Amino acid sequence: MKAAVFLLFSLSLCANVLQDAIDNAPKGSKLELPAGIYRGNVVIDKPLIIDGKDQKAIIEGDGKGTVVTIKSPFVTLKNLTIRHSGAEHERVDAGVALKNVHHCNILHCDLKDVLFGIDMQQSSDCNVSYNQISSKPFDLGLRGDAIRLWYSNDNTLTHNTISKARDFVVWYSHGNLIANNYGEYGRYSLHFMYTGKNIVKENEFVHNSVGIFFMYSQDTIATGNIIKNSLGTTGLGIGLKDCSNYTITDNKILYCARGLYIDRSPFEPDTFNHIEHNFILYNSEGVHFHSLSLNNIFKNNIIKGNIDTVVNDSYNTRITQNKWDGNYWDDYQGFDKNGDGIGDTPYNLYYYADKMWLLNPNVKFFYGSPVISILNFLAKLAPISEPVKLLTDPHPKMTEGKLL
């Protein structure tokens, strides 16, 4: 191992020193890179550890292709700076690419000026943790994904910091742990498609277009996450589309265009989604239902400070078939005579005149205007037609403190 370290030090100015060292290193050996710049676009095809020590060793690509490609199991990259990949999406130019491998580690690396950050294809039982990742200085839609899983199962992805990349995507991948990551100024903080049995916990995502979006997936837990400031026309905190058997619990969703977005979920017959103990606070819309969405169980959530508490944009769909129980509603107007912390009468949410914009979006131009306010007041005072009941919570909590 010492000979390998000396070789890298003495030949650090040679063009292909790193690839030569990789090719000549015995399987399972450790290469320690002194501070300096090493030519990238290297391929690792044997078990190996490459340690850059405090990220002062820089592996720099030539601006074409992927900087480091791993084609062997049991490879570890750590404490490296990896930069300057190519910029072609069709080739998935990346900082690090793992292709059909297992038991690899990417730890404490700084990936920057790379189109895609870490691209994992058909790779399993890998650990990607404590990395910093940013994409190229392109418009949002033209950046690459910070982390991309494709048919990659049972991986651990924790404590990564992502800034100004496009997405963190998990496609056709199962059994992954995604925890304690931080992401900002991207598009999809986390985007799942056709996945199952993943655990998503204690991540924080701020100032992204979308927080966490689950699509065509099942059997997943999302707990303890914080999503803030997902704004714009596509902005939402946590979304479920065609998703079944989900547990969404103990998350904080704040200052988003839509807090929870539920579209045709659960999808599989005789399944339920459990949405419990979440803080849905100060969003434009607290919970937004789109299309047929039944058998969601909302229990012990705090729903407070949202401009619209619950929205159903499919007027012919009865979302009353979802179960609501024991939630805190800041607009509940009942009493608690026996002091047990539960309202004496159910919380009922109705659609009055102020929800006409759901049927005709052009009406939203008048949202909050005196005309709509007067119509709403008159409809409640002396309704000329039966208002639409959106939901009933039979045991509303009186104070949010009961849920803390």
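The values are calculated or read from the model by the stated rules, or taken from the named source; none is laboratory data. A quick note: this is a predicted structure, and the numbers were derived from the prediction, not measured. Note: ideal-geometry Cβ built from the backbone for every residue, glycine included; neighbour counts use all protein chains shown.
When only residues in region 233-245 that are at pLDDT 95 or above and assigned to a loop (DSSP other than H, G, I, E, B) count, which is farthest from residue 298 (Cα to Cα)?
242
Counting only residues that are within 21 Å of residue 395 (Cβ to Cβ), part of a loop (DSSP other than H, G, I, E, B) and modelled with pLDDT of 95 or more, which one in region 274-327 is nearest to the chain's Cα centre (by Cα)?
Result: 278.
Quick one: what pairs do we get from region 291-310, first residue over 12 Å from residue 260 (Cα atoms) and acidic (Asp, Glu), second modelled with pLDDT under 90 and part of a strand (DSSP E or B), C-beta under 7 Å, 6+ apart or different chains?
none
Checking the structure you have, find out if any residue of region 176-199 is modelled with pLDDT of 95 or more, among the acidic types (Asp, Glu) and surrounded by 22 or more Cβ atoms within 10 Å (Cβ to Cβ).
Within region 176-199, none of the residues are modelled with pLDDT of 95 or more, among the acidic types (Asp, Glu) and surrounded by 22 or more Cβ atoms within 10 Å (Cβ to Cβ).
Would you check if there is a residue in region 63-72 being buried (at least 22 other Cβ atoms within 10 Å of the Cβ), hydrophobic (A, V, I, L, M, F, W, C) and more than 31 Å from the chain's Cα centre (by Cα)?
Within region 63-72 (the criterion being buried (at least 22 other Cβ atoms within 10 Å of the Cβ), hydrophobic (A, V, I, L, M, F, W, C) and more than 31 Å from the chain's Cα centre (by Cα)), the answer is no, since none of the residues qualifies.
For region 149-170, state whether one or more residues are of a type in the set (A, V, I, L, M, F, W, C), touching a Phe, Trp or Tyr at 6+ places or on another chain (Cβ under 6 Å) and within 14 Å of residue 205 (Cα to Cα).
Checked against the condition, which is being of a type in the set (A, V, I, L, M, F, W, C), touching a Phe, Trp or Tyr at 6+ places or on another chain (Cβ under 6 Å) and within 14 Å of residue 205 (Cα to Cα), region 149-170 yields no hits at all.
If I filter region 78-98 down to residues being outside any loop (DSSP other than H, G, I, E, B) and in contact with a Ser or Thr (Cβ under 8 Å, 6 or more places away or on another chain), which single residue comes out as nearest to residue 65 (Cα to Cα)?
Here the residue is 94.
Looking at region 135-145, is at least one residue of a type outside the set (A, V, I, L, M), in contact with a Phe, Trp or Tyr (Cβ under 8 Å, 6 or more places away or on another chain) and farther than 19 Å from residue 185 by Cβ?
no
List pairs: first residue in region 182-208 and more than 13 Å from residue 230 (Cβ to Cβ), second residue of a type in the set (Phe, Trp, Tyr) and assigned to a loop (DSSP other than H, G, I, E, B) anywhere in the structure, Cβ distance under 7 angstrom, at least six positions apart or on different chains.
Final answer for the pair search is 193/216; 194/172; 194/216; 195/172.
Just checking: which of the strands (runs of 3 or more DSSP E) contained wholly in region 171-232 hold 2 or more residues that are within 13 Å of the chain's Cα centre (by Cα) and more than 21 Å from residue 266 (Cα to Cα)?
177-179, 182-184, 188-193, 204-206, 226-228
Here are 229, 251: which of them is more than 12 Å from residue 213 (Cβ to Cβ) and surrounded by 20 or more Cβ atoms within 10 Å (Cβ to Cβ)?
None of the others qualify; the one that does is 251.
Taking the condition in contact (Cβ under 8 Å) with a residue 40 or more places away in the chain, within 19 Å of residue 144 (Cα to Cα) and over 24 Å from the mean Cα position of the chain (by Cα), does residue 89 pass?
Here the answer is no, as residue 89 does not meet what is asked.
Could you tell me whether any residue of region 261-283 is surrounded by 24 or more Cβ atoms within 10 Å (Cβ to Cβ), of a type in the set (Phe, Trp, Tyr) and closer than 23 Å to residue 302 by Cβ?
Taking every residue of region 261-283 in turn, at least one turns out to be surrounded by 24 or more Cβ atoms within 10 Å (Cβ to Cβ), of a type in the set (Phe, Trp, Tyr) and closer than 23 Å to residue 302 by Cβ.
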